[in-house]
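Colleague: Structure below; questions to follow.
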Amino acid sequence: MSLRSRLLISVFATLLLSLIAGGAFTYWHAVAKIETEMQAAIAVGSRIARNAVDDWEEATDPARRLALLVADFEGDRHLRATLISPDGKEVHASEVAIADNPAPAWLVSLLAAPPKKVAVDLPEVFDKFGTVVLQTDPRNEVAEVWSDVWLTLSVMTIFCGLVLAFIYWTLASTMRPLHNLTTAFARVGDGDYRERLNEQGPLELVRLSQSFNQMVERLATSEAHNKRLQQQLTSVQDEERADLARDLHDEIGPLLFAADVDAVAIEQLAKSGDYEEIPHRVGIIRDAIGRMQRHVRDILGRLRSATLLDVGLAHAIDNLLAFWRAHRPKLVFRVEVPEESFGEVIDGTIYRVVQESISNAVRHGTPTTIDISVKANPDNSIDIKVADDGCGLKSGGVRGFGIVGMRERVATLGGNLEVTNRRDGKGVVVSAHLPARGPHAAASTFETHEATLQ
């Protein structure tokens, strides 16, 4: 539901509750008013009836006097007078006035109490001619309340309609810039940084538009800067590849050729029995190999990945996951990696374990979810865990050079690595434990390769 709809519904509900509360108050007030009017009417009517016959001593025709008393209530708004004969028959009765705008019968039954009846206390001389009974009739009073309520409801309805119309117009004019902002965000999300918002309207929206425009300008600047950096990086990589190719061709190639020539010469010297020249040729080959080792160490240093050095472990793993999300959009990753660095060597080992584990899971297990956890324990040891929900390991056990490489990297730091099926059999768990950082942390994987080359 849109924000405008929610606000309109909230305002409408508030107005409706106000109308209901006002209706309840009006109902209680109308019931009390009608009851008061009926009590007052019957009290006044009884007094008028008694006053009309207070000169009963002069009455020459008591029956006629009673008939005239009943006729005096003709057209009364609230009372109906009836003359009842001694034998219980109705002799004369007055009619109540009819309202110009009578109220519905259901409203009369809802608001009015049962009619009140009272027999007028007349002198004894009238007893043999009958009894005058007064009865309340609330219809005119209810009609008056009905007219007031109808007028009030009409005014309230017009008021509520005007309020809703004003709020709708206000929301429409206010939400239009927000709609434009949403559209602009969508375009920026698609990589179009030319979008700008008009800085007009309420102060809050002006500030929001200004902040958006500043953000887009910075994004456009950053995008242009990133493109330049990417171009520069591509140029640098091409130059590095060309340099490496030249080094391999100009340095390593001749040394290999020389070593091959000396090896052939040694073979010929051995066949001819001239063994005195062989040590000299062996020395030349060893010298060539030493020079090749130094060149290889230089090349390894230049090839060393700068990813972890530049962005750190957490960001490097994020970049790795971004690659897999782009190629496997349905694959879900749950990551728990600290922002802190454990050192260059340990960060590199953790990254390679995570990288190889994800690669194996995607290639062989067809998982839907991969959990990655790197935790530093209080004793400075580190636990690495990569679990997937794929098809698990086959009966043949753990194979492949990737897992062997992971074990070697972890073992170099004095740790251990296990690759097992999950308990439910759905997926693989790669668990690695690196001991507390100590002398092993100072060692470098590339230094290990260099030592091997030496």
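Colleague: Might you check whether a residue that is open to solvent by 40 Å² or more (accessible area, probe 1.4 Å) and either modelled with pLDDT under 85 or within 30 Å of residue 368 (Cβ to Cβ) (or both) occurs anywhere in segment 262-270?
Modeller: Checked against the condition, which is being open to solvent by 40 Å² or more (accessible area, probe 1.4 Å) and either modelled with pLDDT under 85 or within 30 Å of residue 368 (Cβ to Cβ) (or both), segment 262-270 yields no hits at all.
Colleague: Let me confirm something: among 364, 315, 327, which residue is under 23 Å from residue 404 (Cβ atoms) and open to solvent by 70 Å² or more (accessible area, probe 1.4 Å)? Walk me through it before giving the result.
Modeller: Working: 315 fails: under 23 Å from residue 404 (Cβ atoms); 327 fails: under 23 Å from residue 404 (Cβ atoms).
Only one candidate qualifies: 364.
Colleague: If you don't mind, there's one more thing I want to ask. Among the candidates 243, 247, single out the residue that is modelled with pLDDT under 85 and surrounded by fewer than 14 Cβ atoms within 10 Å (Cβ to Cβ). Full working, then the answer.
Modeller: Values: 247 fails: surrounded by fewer than 14 Cβ atoms within 10 Å (Cβ to Cβ).
Within the list 243, 247, the selection yields 243.
Colleague: Let me ask something additional. Kindly list the number of the only condition in (1) open to solvent by less than 60 Å² (accessible area, probe 1.4 Å); (2) touching a residue at least 60 places away in the same chain (Cβ under 8 Å); (3) farther than 30 Å from residue 176 by Cβ; (4) not in a loop (DSSP other than H, G, I, E, B) that fails for residue 83.
Modeller: (2)
Colleague: Of (1) modelled with pLDDT under 85; (2) within 30 Å of residue 102 (Cβ to Cβ); (3) small (Gly, Ala, Ser), residue 143 satisfies all except one. Which?
Modeller: Among (1) modelled with pLDDT under 85; (2) within 30 Å of residue 102 (Cβ to Cβ); (3) small (Gly, Ala, Ser), the lone unmet condition for residue 143 is (1).
Colleague: Exactly one condition in (1) surrounded by 13 or more Cβ atoms within 10 Å (Cβ to Cβ); (2) more than 16 Å from residue 317 (Cβ to Cβ) is false for residue 378; which is it?
Modeller: (1)
Colleague: Would you pick out the residues in segment 353-376 that are free of Cβ contacts under 8 Å to residues at least 60 places away in the same chain, of a type in the set (A, V, I, L, M) and not in a strand (DSSP E or B)?
Modeller: Once the filter is applied, which keeps residues that are free of Cβ contacts under 8 Å to residues at least 60 places away in the same chain, of a type in the set (A, V, I, L, M) and not in a strand (DSSP E or B), segment 353-376 yields 354, 358, 362.
Colleague: Mind checking which residues of segment 112-130 are at pLDDT below 85 and open to solvent by less than 60 Å² (accessible area, probe 1.4 Å)?
Modeller: So the first thing to find is which residues in segment 112-130 are at pLDDT below 85, and the list is 112-113, 120-130.
112, 113, 120, 122, 123, 125, 126, 130, listed by residue number.
Colleague: To continue, here is another question. Looking at segment 6-25, can you tell me whether even one residue there is in contact (Cβ under 8 Å) with a residue 12 or more places away in the chain, surrounded by 12 or more Cβ atoms within 10 Å (Cβ to Cβ) and within 16 Å of residue 134 (Cβ to Cβ)? Let's see the steps before the verdict.
Modeller: Here is the first cut: in segment 6-25, the residues in contact (Cβ under 8 Å) with a residue 12 or more places away in the chain are 7-8, 11-12, 15, 19, 22.
After this cut, where a residue has to be surrounded by 12 or more Cβ atoms within 10 Å (Cβ to Cβ) as well, the list is 7-8, 11-12, 15, 19, 22.
Now narrow it down to the ones that are within 16 Å of residue 134 (Cβ to Cβ): none.
There is no residue in segment 6-25 that is in contact (Cβ under 8 Å) with a residue 12 or more places away in the chain, surrounded by 12 or more Cβ atoms within 10 Å (Cβ to Cβ) and within 16 Å of residue 134 (Cβ to Cβ).
Colleague: While we're looking at this one, here's another question. I'd like to know if segment 132-155 contains one or more residues that are over 30 Å from residue 25 (Cβ atoms) and part of a loop (DSSP other than H, G, I, E, B).
Modeller: No, there is no match, as no residue in segment 132-155 is over 30 Å from residue 25 (Cβ atoms) and part of a loop (DSSP other than H, G, I, E, B).
Colleague: Which residues, counting only those in segment 399-447, are modelled with pLDDT under 75 and either open to solvent by less than 60 Å² (accessible area, probe 1.4 Å) or in contact with a Cys (Cβ under 8 Å, 6 or more places away or on another chain) (or both)? Break it down stepwise before answering.
Modeller: Taking segment 399-447 as the starting set, the residues that turn out to be modelled with pLDDT under 75 are 399-402, 425, 437-447.
400, 402, 425, 438, 441, 443, 444, 445, listed by residue number.
Colleague: In this structure, is residue 289 at pLDDT 85 or above, of a type in the set (A, V, I, L, M, F, W, C) and open to solvent by 60 Å² or more (accessible area, probe 1.4 Å)? Give the derivation first.
Modeller: Details: at pLDDT 85 or above: yes; of a type in the set (A, V, I, L, M, F, W, C): yes; open to solvent by 60 Å² or more (accessible area, probe 1.4 Å): yes.
Taking the combined requirement at face value, the residue satisfies it.
Colleague: Condition first: hydroxyl-bearing (Ser, Thr, Tyr), under 24 Å from the mean Cα position of the chain (by Cα), surrounded by 12 or more Cβ atoms within 10 Å (Cβ to Cβ) and on the phi < 0 side of the Ramachandran plot. Can you find one or more residues in segment 159-169 that meet it?
Modeller: Restricting attention to segment 159-169, the residues satisfying the condition of being hydroxyl-bearing (Ser, Thr, Tyr) are 168.
Remaining after also requiring under 24 Å from the mean Cα position of the chain (by Cα): none.
Scanning segment 159-169, I find no residue that is hydroxyl-bearing (Ser, Thr, Tyr), under 24 Å from the mean Cα position of the chain (by Cα), surrounded by 12 or more Cβ atoms within 10 Å (Cβ to Cβ) and on the phi < 0 side of the Ramachandran plot, so the answer is no.
The values are calculated or read from the model by the stated rules, or taken from the named source; none is laboratory data. For clarity, every value in this text was computed on a predicted model and none was experimentally measured. Positions of Cβ are generated from backbone atoms using ideal geometry, with glycine treated the same way; all protein chains shown enter the neighbour counts. These area figures cover heavy atoms from the full protein model, side chains too; ligands, DNA and RNA do not enter into them. Shrake-Rupley method; radii C 1.70, N 1.55, O 1.52, S 1.80 Å.
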